[in-house]
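In what follows, a single structure is set out as structure tokens and then discussed.
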Amino acid sequence: DALVLGAVASGMPRDIAYKAILDVLEGTAILLKNKNVHPAEIRDEVTTPGGTTIKGLAVMESRGIKSALIETIEAAYKRSFEIGNDIDLYIRKELNM
């Protein structure tokens, strides 16, 4: 959503922004899946000096996006175990185990 909003804020029509962002995400996923390399290698391949990718990466880095994403995954992972334990306890209680 934020990616589309950023494109719209830059002047791109919403429908084109949505399609463009989907294409970028799909292309990235395909590259990651097909190349079977660390994401940093692909980043290095597509990042040119002074280009759009490095400018965008610099903004994200200055805003702490990497840390935020790491913390998001850690929190979701932890919560998934908590939910699993809750379900396990519920089932055991229902089955009088």
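Remarks
- Sole exception among (1) touching a helix residue (DSSP H, G or I) at 6+ places or on another chain (Cβ under 9 Å); (2) modelled with pLDDT under 95 for Val4, by number: (2)
- Of all the criteria given as (1) in a helix (DSSP H, G or I); (2) modelled with pLDDT of 95 or more, the one not satisfied by Glu45 is (2).
The values are calculated or read from the model by the stated rules, or taken from the named source; none is laboratory data. Please read these numbers as outputs of a predicted model, since none were measured by experiment. Quick reminder, even Gly has a Cβ in these numbers, built from the backbone with ideal geometry, and neighbours come from all protein chains shown.
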